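Note sheet for the following structure.
The values are calculated or read from the model by the stated rules, or taken from the named source; none is laboratory data. In this text the structure is predicted, and so the values were computed from the model without any measurement. Reconstructed Cβ throughout: ideal geometry from the backbone, glycine too, with neighbour counts over all protein chains shown.
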Amino acid sequence: MSASSKKWFWSLIILAAVVFIVVGVLSDTSWTERFQTIISSHQQADNDDDDDELQHSGDVNRPLIVKLDDETAPYTGIQTLKLTKSLLFPEFKAYAEVVDIRDLIQWRSRLNQLRSAVTIAKVTENADRLEWERLKKLAKGTGSVASKNVIYAETSWREAKANLDSAEFQLEDAKTELIQSWGESIASWVMDKSSKELERLINRHDTLLMVTLPIESSLPANVNVIRVSRAGDRASARKAYFVSPAYISAKQIQGETYYFRIATGKLRLGMRLDAWIPENSEPDSGFHIPDEAIVWYSGQPWAYIQLDETSYKRIPLSDGKLVAGGIFIQDEFEEGNRLVISGAQMLLSEEFRWQIHDEDDDD
């Protein structure tokens, strides 16, 4: 530091000290009192911060209760429902597709042709066998038939027998191929000439579905009925009945596949559907909260129960499970609670109106 810089530095120090002393002399407050005042100001600021934190904590833990005026309560139109426990069988979601059954019709036609070929081969074989046996008897009895004719007849019968065996082998191979492609249950429909199940599919009274499960899921052994619907609408889902495992997989999802049948209704070829599969487990016990009782606040579902004639409490439903027509929840409620099913949105508005009044009163 140069000499001139040092000179200016010490000049500023001296000037500041003079000002500090002059202010102390002119002021009626002692240095000790002034120091204590500074300390008190800092403590008061800290206390204010603590009060703010306590007030914020109180807002978070504020009881979610709204109380209506005695005069207005009877005219709010609030309706309640007495809660009772119910059982919910857990489900998982899968996907289904309407199956094209034209291949089954072609299989039926192919099998009919092979059966006809077997029938013709049997008739030919039987005729040639009878002719051969007749000539053998004549040759042994009277000797009026040349041995070469007997040989020709035997050859003809053996050829017919080979044709019959070939026709039967082709029929059996076709049946095996059909079973490998469609499974035993559906194959039996095709192979049975009087199958009512196949006729219902052909006449579009029923529709065949292929259901694909998620990769990590399997179909429980005792599940014979599932629910399916379009556009993911579980509330309108209809029953579909188990047919058999499917031996082909979907291209998009490499999960287990199964065939189910369902009444056709408005289903069309190639439609993709949502399916709900019951899980093989004990049912859950809890409460079904209908859609009309649910209100949404801060991205979470809630419902109100009635405490007395004018008081209502908001209950969280975030731990519940979305089901058809509402939310199923195992905790938070008790049997006999009066659930608000009409007027919940009004209660939510009223609750926050009262909170605003309380904050104004505190001010």
For the range 66-88, state whether one or more residues are of a type in the set (Ser, Thr, Tyr) and modelled with pLDDT of 95 or more. no
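Please enumerate the residues belonging to the range 129-168 that are within 30 Å of TRP107 (Cα to Cα), free of Cβ contacts under 8 Å to residues at least 12 places away in the same chain and either loosely packed, with under 12 Cβ neighbours inside 10 Å or of a type in the set (A, V, I, L, M) (or both). Don't jump to the end; show me each part of the working.
Within the range 129-168, the first condition is being within 30 Å of TRP107 (Cα to Cα), and the residues that meet it are 159-168.
Okay, now just the ones that are also free of Cβ contacts under 8 Å to residues at least 12 places away in the same chain, so 162, 165.
Answer for the range 129-168, where residues must be within 30 Å of TRP107 (Cα to Cα), free of Cβ contacts under 8 Å to residues at least 12 places away in the same chain and either loosely packed, with under 12 Cβ neighbours inside 10 Å or of a type in the set (A, V, I, L, M) (or both): just ALA162.
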Is it the case that ASP274 is of a type in the set (Asp, Glu) and part of a loop (DSSP other than H, G, I, E, B)? no
Select from the range 260-304 the residues that are out of contact with any Ser or Thr (no Cβ under 8 Å at 6 or more places or on another chain), crowded, with 16+ Cβ neighbours inside 10 Å and closer than 30 Å to ASP69 by Cα and list them in ascending order. ILE289, ALA293, ILE294, VAL295, TRP302, ALA303, TYR304
Filter result for TYR152 (of a type in the set (Phe, Trp, Tyr), at pLDDT below 95 and in a helix (DSSP H, G or I)): yes
Can you confirm whether the range 115-136 contains a residue that is modelled with pLDDT of 90 or more, closer than 30 Å to ARG268 by Cβ and part of a helix (DSSP H, G or I)? no
Subset of the range 304-345 [charged (D, E, K, R) and touching a helix residue (DSSP H, G or I) at 6+ places or on another chain (Cβ under 7 Å)]: GLU309, ARG314
Please enumerate the residues belonging to the range 317-330 that are touching a strand residue (DSSP E or B) at 6+ places or on another chain (Cβ under 8 Å) and part of a loop (DSSP other than H, G, I, E, B). LEU317, SER318, ASP319, GLY320, GLY325, GLN330
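Please go through the range 131-161 and give me each residue that is of a type in the set (A, V, I, L, M) and in contact with a helix residue (DSSP H, G or I) (Cβ under 9 Å, 6 or more places away or on another chain), ordered by number.
Looking only at the range 131-161, we keep the residues that are of a type in the set (A, V, I, L, M), and these are 135, 138-139, 145-146, 150-151, 153, 160.
Scanning the range 131-161 gives LEU135, LEU138, ALA139, VAL145, ALA146, VAL150, ALA153, ALA160.
A quick yes/no check of all residues on (1) in contact (Cβ under 8 Å) with a residue 40 or more places away in the chain; (2) part of a strand (DSSP E or B); (3) of a type in the set (Val, Ile, Thr); (4) within 23 Å of VAL323 (Cβ to Cβ):
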{"position": "SER218", "(1), (2), (3), (4)": "no, no, no, yes"}
{"position": "ASN222", "(1), (2), (3), (4)": "yes, no, no, yes"}
{"position": "TYR259", "(1), (2), (3), (4)": "yes, yes, no, no"}
{"position": "TYR304", "(1), (2), (3), (4)": "yes, yes, no, yes"}
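With the requirement that a residue be basic (Lys, Arg) and outside any helix (DSSP H, G or I), what does the range 179-202 give you? Lay out the reasoning, then the answer.
In the first step, residues of the range 179-202 are kept if they are basic (Lys, Arg); the result is 193, 196, 200.
Passing the criteria: only LYS193.
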Can you confirm whether LEU104 is in contact (Cβ under 8 Å) with a residue 24 or more places away in the chain, surrounded by 13 or more Cβ atoms within 10 Å (Cβ to Cβ), closer than 30 Å to LYS196 by Cβ and touching a Leu at 6+ places or on another chain (Cβ under 8 Å)? yes
Examine the range 203-213 for a residue that is surrounded by 13 or more Cβ atoms within 10 Å (Cβ to Cβ), at pLDDT 95 or above, part of a helix (DSSP H, G or I) and β-branched (Val, Ile, Thr), and state whether such a residue exists. no
